[in-house]
Amino acid sequence: MIEANGRVAGNKAILYARVSTEEQARSGYSLAQQIEALGAYAAREGYEVLEEVKDPGQSGASLARPGMDRVRELVEAGNVAVVLAQDRDRIAREPAYHYLLKKEFEEHGCKIRALNDRGDDSPEGELTDGILDQLAKFERAKTAERARRGRLRKAREGKIIATHTPAYGFAYNATRDSYIIDEKNMPVVVRILEYVAGGLSMRATAKAITRDGVPSPTGKHVWSSYSVRAMILDDLYKPHTPEEIQGLVVEGRLTADVAGRLDPSRPYGVWWANTVRDSVRTVSESDEAGGRRYRKRRKTVPRPRAEWIAVPIDLTSSGLEREIVDLARSTIKDNVRPSSAGGRFWEVAGLVFCTCCGRKIHTHTTRSKGPDRLYYYYQCDNREGCEAHPRLRAGKLEADVWQVVRSGLTDPDQLKADLDRMIELERSVVRGNPAREAKHWLERLSEAEEERRGFLRLAARGRITDEELDEELVALEKTCQAAKRELATLQNRKERIEALERDRDAVLADYAGRTPDALEALTSKERHQLYKMLKLSVKIHPGCTVEIAGAFPESAGFLQTELASCRT
């Protein structure tokens with residue numbers, strides 16, 4: 001309830017302080033200083049401090065912060081009058097996040113106050129602060145935040161977050177919020193643990209399971225030692241003692257309510273939630289037809305283990321034994337995962353593609369049965385969707401690719417012409433005047449924002465209904481989204497052309513015109529970097545015919561170079 005003077009009825013306050021990792025390295029903006037200033041303000045205004053919440057090392061660009069989660073839980077519990085922060089950007093750096101929290105807290109009779117607030121709660125004041133200027137961003141943030149918090153709440157309630165495929169050896173229950181034992185595959189897990197606990201190596205264990213004709217967790221016909229190792233170290237397959245379960249409660253990774261519902265006489269594995277932080281962004285690149293294609297780029301960052309949430313899974317009928325799991329883990333404890341490259345650097349890794357199925361060709365290392373010798377290949381792994389299955393000796397392919405590229409580096413004038421032609425080809429994709437287009441879309445964004453402010457003012461004065469306001473805002477949101485997409489496309493094209501120009505200058509300065517001996521002295525890593533600067537791609541056609549494409553669309557010997565077949 002809001003009083004006439006703008007104060008919220010009640011006197012309990014939460015003090016919230018945040019400092020990012022970068023700010024921790026600078027003096028003058030510490031958590032202690034923020035809490036001290038907030039405490040003094042609360043005392044002057046007559047607030048009773050319910051709790052001091054701190055978020056050390058957390059960015060304000062996201063609401064996914066342990067401290068902010070705690071604040072929201074306290075507000076949701078009720079009886080909180082105000083959340084106090086020193087500055088507005090301590091709560092969030094995005095205006096949309098401010099608006100989201102403001103509306104969420106108001107539902108529970110709570111307000112947000114910052115010491116640098118202007119103290120104007122009118123619609124005009126909110127517009128001035130920029131909160132309502134980003135309604136579209138708010139909607140996206142609200143949806144994502146609700147989903148994230150929903151997943152966290154579900155995990156804290158002892159429920160798993162179902163994905164496309166359950167963990168190996170398990171199946172989903174009827175409500176898809178917990179695991180039940182898969183009677184078909186769980187015996188395979190037991191057998192793997194017994195093999196390793198008995199002294200069999202992970203590689204030998206993988207081969208033994210493969211000989212039995214059991215499909216791997218990814219559906220392939222061949223098991224890998226990586227799958228075996230991951231299974232041994234996964235707490236989902238480790239029966240935990242009641243003391244260990246209670247220890248998770250003490251650590252704050254498991255709620256006492258969930259632990260209280262468990263049967264102490266039963267063994268439980270642990271499925272971990274909130275272990276990583278994913279971010280996805282869209283990138284664009286030119287395609288072979290001269291147009292643009294868009295794809296998602298995902299980045300996964302591990303979260304601190306202290307933020308993980310434990311979900312107990314009943315292992316009573318699994319056949320898993322704690323002694324066997326401990327022995328298997330002890331057996332591999334000192335193992336060091338060998339490099340799949342066998343100590344070599346793959347010069348064209350990530351640049352080789354199979355034209356039969358369109359997928360990237362991966363690197364493979366095999367060991368001979370007799371003398372301890374390694375063999376290296378580039379091989380297509382698409383067993384089901386590829387008829388060619390090309391497999392090429394790495395040394396032969398890399399040597400032939402280098403011969404072609406090296407010949408192009410001996411003529412600096414021709415090389416410069418080819419690189420300039422590549423850049424012009426990229427520019428030709430852009431139609432019209434990019435600068436004028438960008439100006440147009442920026443002006444349209446500004447107009448849409450001004451129109452949004454106008455409709456909000458009309459709504460505040462009762463000139464239009466809420467339904468009419470919603471309709472107008474939806475139309476403006478579509479306009480804003482279209483403008484932002486076009487601006488992002490123009491910016492991506494500009495950045496790609498600038499990158500091509502930088503790479504051209506670097507190639508001409510560092511590589512063109514070098515003597516043959518100097519070129520031969522380049523290491524495998526330096527060659528790989530050069531190939532990326534040349535935008536090189538190596539396409540393997542059926543029959544092991546090799547096509548080199550990239551920075552030299554019209555150079556003799558570069559566009560359609562056929563190398564000798566190197567299929568084994």
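The values are calculated or read from the model by the stated rules, or taken from the named source; none is laboratory data. Remember, predicted model here, so these are calculated numbers, not experimental data. Reconstructed Cβ throughout: ideal geometry from the backbone, glycine too, with neighbour counts over all protein chains shown.
Only residues that are assigned to a loop (DSSP other than H, G, I, E, B) and among the hydrophobic types (A, V, I, L, M, F, W, C): list them for the stretch 157-204, please. Listed by number, the residues that qualify are ILE160, ILE161, ALA162, ALA167, ALA174, LEU200. Here the condition is being over 26 Å from HIS164 (Cβ atoms) and small (Gly, Ala, Ser); of GLY213, GLY247, it holds for GLY247 alone.
Identify, please: which residue in the stretch 400-424 is within 18 Å of THR515 (Cα to Cα) and either of a type in the set (Asp, Glu) or loosely packed, with under 14 Cβ neighbours inside 10 Å (or both) and is, among those, modelled with the highest pLDDT? Among residues in the stretch 400-424 that are within 18 Å of THR515 (Cα to Cα) and either of a type in the set (Asp, Glu) or loosely packed, with under 14 Cβ neighbours inside 10 Å (or both), the one modelled with the highest pLDDT is GLN403. If you go through the stretch 44-84 and keep only what is free of Cβ contacts under 8 Å to residues at least 40 places away in the same chain, in a helix (DSSP H, G or I) and of a type outside the set (Asp, Glu), you end up with ARG44, ARG70, ALA77. Just to check your reading of the model, which residue among ARG266, ARG261, ARG305, ARG322 is modelled with pLDDT under 90 and of a type outside the set (A, V, I, L, M)? The conditions single out ARG305. Can you tell me how many residues in the stretch 446-459 are within 22 Å of ALA488 (Cβ to Cβ), among the aliphatic types (A, V, I, L, M) and touching a residue at least 40 places away in the same chain (Cβ under 8 Å)? Going through the stretch 446-459 one residue at a time, the tally reaches 0.
Every listed requirement among (1) closer than 22 Å to LYS154 by Cα; (2) within 33 Å of the chain's Cα centre (by Cα) is met by VAL228 save one, (1).
With respect to the conditions (1) of a type outside the set (D, E, K, R); (2) touching a Gly at 6+ places or on another chain (Cβ under 6 Å); (3) touching a residue at least 60 places away in the same chain (Cβ under 8 Å), ASN185 falls short on a single one, namely (3). Taking the stretch 507-534 as the range and being basic (Lys, Arg) and either under 13 Å from GLN403 (Cα atoms) or touching a Gly at 6+ places or on another chain (Cβ under 7 Å) (or both) as the test, only ARG527 passes. Taking (1) outside any helix (DSSP H, G or I); (2) outside the structural domain of THR355 (by TED's automatic domain parsing) in turn, ILE548 satisfies each apart from (2).
At least 3 residues being among the hydrophobic types (A, V, I, L, M, F, W, C) and touching a residue at least 12 places away in the same chain (Cβ under 8 Å) is the threshold, and among the strands (runs of 3 or more DSSP E) wholly inside the stretch 351-418 those reaching it are 352-354. Evaluation of MET533 against the conditions (1) touching a residue at least 60 places away in the same chain (Cβ under 8 Å); (2) within 20 Å of GLN414 (Cβ to Cβ) shows that the sole unmet condition is (1). State whether one or more residues within the stretch 440-461 are polar (S, T, N, Q), modelled with pLDDT of 75 or more and either assigned to a helix (DSSP H, G or I) or over 30 Å from LYS525 (Cα atoms) (or both). Yes, the stretch 440-461 contains a residue that is polar (S, T, N, Q), modelled with pLDDT of 75 or more and either assigned to a helix (DSSP H, G or I) or over 30 Å from LYS525 (Cα atoms) (or both). In the stretch 63-95, of all residues being within 17 Å of ALA17 (Cβ to Cβ) and among the small types (Gly, Ala, Ser), the one that is surrounded by the fewest Cβ atoms within 10 Å (Cβ to Cβ) corresponds to GLY67. Taking the criterion of being of a type outside the set (A, V, I, L, M) and crowded, with 18+ Cβ neighbours inside 10 Å, the residues of the stretch 194-215 that qualify are TYR195, THR205. Under the condition of being part of a loop (DSSP other than H, G, I, E, B) and at pLDDT 75 or above, the residues counted in the stretch 512-542 number 7.
Of everything in the stretch 96-116 that is without any contact (Cβ under 8 Å) to a residue 40 or more places away in the chain and under 17 Å from GLY60 (Cα atoms), the residue that is surrounded by the fewest Cβ atoms within 10 Å (Cβ to Cβ) is ASN116. What is the one condition in (1) surrounded by 16 or more Cβ atoms within 10 Å (Cβ to Cβ); (2) at positive phi that ARG176 does not satisfy? The number of the failed condition is (1).
Across the stretch 1-48, the number of residues qualifying as closer than 15 Å to GLN86 by Cα, among the β-branched types (Val, Ile, Thr) and either more than 33 Å from the chain's Cα centre (by Cα) or at pLDDT 90 or above (or both) comes to 2. ARG191 meets the conditions (1) loosely packed, with under 14 Cβ neighbours inside 10 Å; (2) more than 25 Å from GLU307 (Cα to Cα) in every case but one. The failed one is (1). Within the stretch 91-111, the set of residues being in a helix (DSSP H, G or I) and among the hydrophobic types (A, V, I, L, M, F, W, C) comprises ILE91, ALA96, LEU100, LEU101, PHE105. Looking only at the stretch 151-164, decide whether some residue is surrounded by 17 or more Cβ atoms within 10 Å (Cβ to Cβ), at positive phi and modelled with pLDDT of 85 or more. Scanning the stretch 151-164 turns up at least one residue that is surrounded by 17 or more Cβ atoms within 10 Å (Cβ to Cβ), at positive phi and modelled with pLDDT of 85 or more.
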